[in-house]
Amino acid sequence: MYASREDIGYDFGDDSKVGSKPIKPNPNIDGGWAWMIVLSSFLVHILIMGSQMALGILNMEWLEEFNQSRGLTAWVSSLSMGITLIVGPFIGLFISMCGCRTTAIIGGILNALGWILSAYASNVHYLFLTFGVTAGIGSGMVYLPAVVMVGQYFQNRRALAQGLSTTGTGFGAFLMTALLKYLCTEFGWRNAMFIQGAISLNLCVCGALMRPLSPKELRAKYVVGNDSEENRAKALSHSTETIKSNGVLGEEPEKKEEAANEEVLGSVQHIEIGGKSGSGRSMYGLRLFKTVSQLTVTVRKGFALWYSSYFGAASLFTNRVFVAFIIWALFAYSSFVIPFIHLPEIVKQYKLSRQDNVFPLTSIIAIVHIFGKVILGIISDLPCISTWNVFLMANFTLVTCILTLPLMQTYIGLAVVCALIGFSSGYFSLMPVVTEDLVGTKHLANAYGIIICANGISALFGPPFAGWIYDITQKYDFSFYIAGLLYMVGIIFLLIQPCIQKKQSRDKSTEEAQV
C-alpha cells in the first residue's frame, strides 16, 4: 500500500510474532476515529468531485466570455477532472514518502491556488494551466489519500464506509451547482471562482483529520481480518485464485534494503556520538548530515516500493483480471462526466431551460447518486450477495441509460433517465472494494491509483470529444452513442477475462491431477 512509515510501519514478514500474542481488536477499526475518516473523505468528495460535477455552469460562462468552440472550452473542465485522477499513481509516491495527511494538506493549498488564479483568466489557454493543471493536481493530492484512508480504517464494513464517504460527490454536485449558479448570477464567474478557492482551503482541514494508524493498530486489523475471511470470500472469489497464482510483491528485497538503510543511519549515529567532544559547528554539520541521510532513506524506500508495484517482476499488471479492470476504467468514466458537462447546453437546445431552472437535471443525477451509493454499498455487504455481481449489474444499467438519453427530448423523459444514471453510477462506491478484493489490502493504494488514472484518461478525452462531435454534427446524439458503445466494450472485458482465468485454473488443476 502507498504508505509511509508514519502511516503504517508494519512488517508483513512478522506473522509469527503477531500470532504468538493475542491482539485485542482495535476500537478505531470499523469504529471510533474511523468515522472521522469517513467524514473527512465525505467532505473531500463534496469539495473536489462535487465541484467538478458542477463545472457545466462555469462551462457556459466560459463559452460566452471567450467565444471559443465547445470542443476547446470543454478541455478546461476535462483537464481538471482528468488530471485529478491521472496523477493517482504519481501521488502514491508522495504518500509513500510523506504520508496521507501531509500529501492531502499540500494538495488542499494547491487546489485553492488553482481556483483563485483562474479568477484572473484572460483566455481559455490560461485556464488550461491554472484550473486544469494546478487545481487538478491539487485535487488529486487530496482525493487519493481520502479513499486510501477509508480502506485502512475499515475491515468488515468497507463497502458501507466507502459508500457513505463517496456520497459526498452527489451532495457536492447538488450543493455546488446551486452555489455556483448563485455566485455567478450575483458576483460574476470570476468572483465565483475566487470565493470557491477560499472554500477549497477547507481541504487542508480534511487532510489534518487523516490520522495515520500506528503499526500496532494495523497488526490488530489484519489479525481480526483473518478471523472474518469467510465474510470476504463472497466477493470476487475468482480474484483470490488470481492473487495466489500471481503472487505478491517480494519481501526479501525490502528487508535487504531496510538493513542497508539502517546500517547507513547507524554509522551516522556512531559518528555523531564519537564527535560529541568536537566543536558546535561540527555537531551542527553532523546533525544536518543525519537529517539528509534520513530523508534520502525515506525517499529511496518510498520510490522502491512505488517502482516495484508498477514495474517489478510481480507487479499488479501480472493480474489479468486487474488488467481487464483497467481497460474497463479507460472507457467507463467519460460516460458519466459527459452528461454533467453538456446537459446544461442540451437543455438549452431543447428549450427546456424553464423547467431545468426549477430543478436542474444535473441535480437530479446528484441527489439520486447519493442514494445509489449508500444502497448499493449496503446490498454489497450482505452475506449472500456478491459485490462483483452488484458492480456488473450497475454498469449494465448505466450504459443502457447513456444509450437511451439522446432519444429523450422532454423534461420528464430526461429526468427519468438522469435519475437512473444517478442511481446506477452509485457503483463508484464499490470500486475501492472491488479493487481491494482483486489485489489485496497491501496493494490497494497502488492498484486504486492505476484505476483512477485510467478513469482520468477517460474523463480527460470524453467531454472534449463530445464537444468536437457536436461541432461537426450540431448534435450531441452521436457523442452519447459512441461513448456508450465504448463503455460496453469495457464491460465485455470485465465479463470475459474472469471466465478465461477460471478456465485456465481448471485446466491447470486437471493437468496436475493427471500427472
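Inspect region 333-349 for any residue being assigned to a helix (DSSP H, G or I), closer than 17 Å to ILE450 by Cα and modelled with pLDDT of 65 or more and give the result as yes or no.
From region 333-349, those assigned to a helix (DSSP H, G or I) are 333-349; that's our starting set.
Restricting the remaining residues to those that are closer than 17 Å to ILE450 by Cα gives 333-334.
Okay, now just the ones that are also modelled with pLDDT of 65 or more, so 333-334.
The answer is yes, given that some residue of region 333-349 is assigned to a helix (DSSP H, G or I), closer than 17 Å to ILE450 by Cα and modelled with pLDDT of 65 or more.
Output the number of the condition that VAL433 fails; it satisfies all remaining conditions of (1) at pLDDT below 80; (2) of a type in the set (Val, Ile, Thr); (3) buried (at least 24 other Cβ atoms within 10 Å of the Cβ).
(1)
Is it the case that some residue within region 337-354 is over 21 Å from SER479 (Cα atoms) and open to solvent by 20 Å² or more (accessible area, probe 1.4 Å)?
Pass one, region 337-354, residues over 21 Å from SER479 (Cα atoms): 353-354.
Keeping just the survivors that are open to solvent by 20 Å² or more (accessible area, probe 1.4 Å) gives 353-354.
The answer is yes; a qualifying residue exists.
Restricting attention to region 355-375, which residues are open to solvent by 60 Å² or more (accessible area, probe 1.4 Å) and β-branched (Val, Ile, Thr)?
Correct list: VAL358, ILE375.
Residue by residue, here is whether (1) at pLDDT below 90; (2) under 26 Å from CYS100 (Cα atoms); (3) hydroxyl-bearing (Ser, Thr, Tyr) holds:
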position: GLN152; (1), (2), (3): yes, yes, no
position: ALA161; (1), (2), (3): yes, yes, no
position: THR169; (1), (2), (3): yes, yes, yes
position: PHE174; (1), (2), (3): yes, no, no
position: THR177; (1), (2), (3): yes, no, yes
position: ASN191; (1), (2), (3): no, no, no
position: ALA198; (1), (2), (3): no, yes, no
position: CYS204; (1), (2), (3): no, yes, no
position: ARG219; (1), (2), (3): yes, yes, no
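Is it true that ALA104 is small (Gly, Ala, Ser), buried (at least 24 other Cβ atoms within 10 Å of the Cβ), touching a residue at least 12 places away in the same chain (Cβ under 8 Å) and out of contact with any Leu (no Cβ under 9 Å at 6 or more places or on another chain)? Lay out the reasoning, then the answer.
Numbers: small (Gly, Ala, Ser): yes; buried (at least 24 other Cβ atoms within 10 Å of the Cβ): yes; touching a residue at least 12 places away in the same chain (Cβ under 8 Å): yes; out of contact with any Leu (no Cβ under 9 Å at 6 or more places or on another chain): no.
Spelling it out, it is not the case that ALA104 is small (Gly, Ala, Ser), buried (at least 24 other Cβ atoms within 10 Å of the Cβ), touching a residue at least 12 places away in the same chain (Cβ under 8 Å) and out of contact with any Leu (no Cβ under 9 Å at 6 or more places or on another chain).
Can you pull out every residue in region 376-393 that is touching a helix residue (DSSP H, G or I) at 6+ places or on another chain (Cβ under 7 Å) and open to solvent by 10 Å² or more (accessible area, probe 1.4 Å)? Give the derivation first.
As a first pass, look at region 376-393 and keep what is touching a helix residue (DSSP H, G or I) at 6+ places or on another chain (Cβ under 7 Å): 376-381, 383, 385, 387-388, 390-392.
Across region 376-393, the qualifying residues are LEU376, ILE378, ILE379, ASP381, PRO383, ILE385, TRP388, VAL390, LEU392.
When you scan region 19-41, do you find a residue that is under 30 Å from VAL337 (Cβ atoms), modelled with pLDDT of 70 or more, among the aromatic types (Phe, Trp, Tyr) and open to solvent by less than 10 Å² (accessible area, probe 1.4 Å), even just one?
No - not one qualifying residue is present in region 19-41.
Every residue, every condition in (1) touching a Cys at 6+ places or on another chain (Cβ under 8 Å); (2) closer than 27 Å to ASN357 by Cα; (3) at pLDDT below 90, yes or no:
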{"position": "LEU63", "(1), (2), (3)": "no, yes, yes"}
{"position": "SER78", "(1), (2), (3)": "no, yes, yes"}
{"position": "GLY82", "(1), (2), (3)": "no, no, yes"}
{"position": "LEU93", "(1), (2), (3)": "no, no, yes"}
{"position": "LEU117", "(1), (2), (3)": "no, no, no"}
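Looking at ILE421, ILE492, ILE472 in this structure, which one is modelled with pLDDT of 85 or more, surrounded by fewer than 24 Cβ atoms within 10 Å (Cβ to Cβ) and of a type in the set (A, V, I, L, M, F, W, C)?
Working: ILE421 fails: surrounded by fewer than 24 Cβ atoms within 10 Å (Cβ to Cβ); ILE472 fails: modelled with pLDDT of 85 or more.
Residue meeting the stated conditions: ILE492.
Considering region 402-419 alone, what residues qualify as being assigned to a helix (DSSP H, G or I) and without any contact (Cβ under 8 Å) to a residue 40 or more places away in the chain?
Hits for region 402-419 are THR404, LEU407, ILE412, GLY413, VAL416, VAL417.
Filter region 455-474 down to the residues that are in contact (Cβ under 8 Å) with a residue 12 or more places away in the chain and out of contact with any Gly (no Cβ under 6 Å at 6 or more places or on another chain) and list them by number. Quick ask: steps written out before the conclusion?
Step one: list which residues in region 455-474 are in contact (Cβ under 8 Å) with a residue 12 or more places away in the chain, which gives 455-471.
Listed by number, the residues that qualify are ASN455, ILE457, SER458, PHE461, GLY462, PRO463, PHE465, ALA466, ILE469, TYR470.
Residues that are over 25 Å from PHE478 (Cα atoms), touching a His at 6+ places or on another chain (Cβ under 9 Å) and assigned by the TED database to the domain that holds LEU494: does region 386-400 have at least one? If you could, list the steps in order and put the result at the bottom.
Applying the first criterion (over 25 Å from PHE478 (Cα atoms)) to region 386-400 yields 386-391.
From the residues that got through so far, the ones that are touching a His at 6+ places or on another chain (Cβ under 9 Å) too are 388.
Pick out the ones that are also assigned by the TED database to the domain that holds LEU494 and you get 388.
Checked against the condition, which is being over 25 Å from PHE478 (Cα atoms), touching a His at 6+ places or on another chain (Cβ under 9 Å) and assigned by the TED database to the domain that holds LEU494, region 386-400 yields at least one hit.
Which ones in region 171-203 are of a type in the set (S, T, N, Q) and either outside the structural domain of GLY50 (by the TED database) or open to solvent by less than 50 Å² (accessible area, probe 1.4 Å) (or both)?
Just the residues of region 171-203 that are of a type in the set (S, T, N, Q), to begin with: 177, 185, 191, 196, 200, 202.
Of everything in region 171-203, those that are of a type in the set (S, T, N, Q) and either outside the structural domain of GLY50 (by the TED database) or open to solvent by less than 50 Å² (accessible area, probe 1.4 Å) (or both) turn out to be THR177, GLN196, SER200.
Output the helices (runs of 4 or more DSSP H) that fall wholly within region 93-170 and possess 2 or more residues being closer than 21 Å to PRO432 by Cβ and outside the structural domain of PHE66 (by the TED database), or say none.
Here the list is empty.
Does LEU405 satisfy being surrounded by fewer than 18 Cβ atoms within 10 Å (Cβ to Cβ), of a type in the set (A, V, I, L, M) and assigned by the TED database to the domain that holds PHE478? If you could, list the steps in order and put the result at the bottom.
Working: surrounded by fewer than 18 Cβ atoms within 10 Å (Cβ to Cβ): no; of a type in the set (A, V, I, L, M): yes; assigned by the TED database to the domain that holds PHE478: yes.
It is false that LEU405 is surrounded by fewer than 18 Cβ atoms within 10 Å (Cβ to Cβ), of a type in the set (A, V, I, L, M) and assigned by the TED database to the domain that holds PHE478.
Considering region 71-91 alone, what residues qualify as being among the β-branched types (Val, Ile, Thr), part of a helix (DSSP H, G or I) and open to solvent by 10 Å² or more (accessible area, probe 1.4 Å)? I'd like the intermediate steps shown before the answer.
Kept after step one, since they are among the β-branched types (Val, Ile, Thr), are these residues of region 71-91: 73, 76, 83-84, 86-87, 91.
Okay, now just the ones that are also part of a helix (DSSP H, G or I), so 73, 76, 83-84, 86, 91.
ILE83, ILE86, listed by residue number.
Here is a yes/no grid of residues against (1) surrounded by 24 or more Cβ atoms within 10 Å (Cβ to Cβ); (2) under 13 Å from the mean Cα position of the chain (by Cα); (3) of a type in the set (A, V, I, L, M, F, W, C); (4) under 21 Å from SER458 (Cα atoms):
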| site | (1), (2), (3), (4) |
| --- | --- |
| LEU93 | no, no, yes, no |
| TRP115 | yes, no, yes, no |
| TYR126 | no, no, no, no |
| SER139 | yes, yes, no, yes |
| VAL147 | yes, yes, yes, yes |
| GLN152 | yes, no, no, no |
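The values are calculated or read from the model by the stated rules, or taken from the named source; none is laboratory data. Quick caveat: nothing in here was measured; it's all calculated off a predicted structure. Please note: Cβ atoms are built from the backbone with ideal geometry, for glycine as well, and neighbour counts cover all protein chains shown. Ligands, DNA and RNA are excluded from the accessible area calculation, which covers all protein heavy atoms including side chains. Shrake-Rupley method; radii C 1.70, N 1.55, O 1.52, S 1.80 Å.
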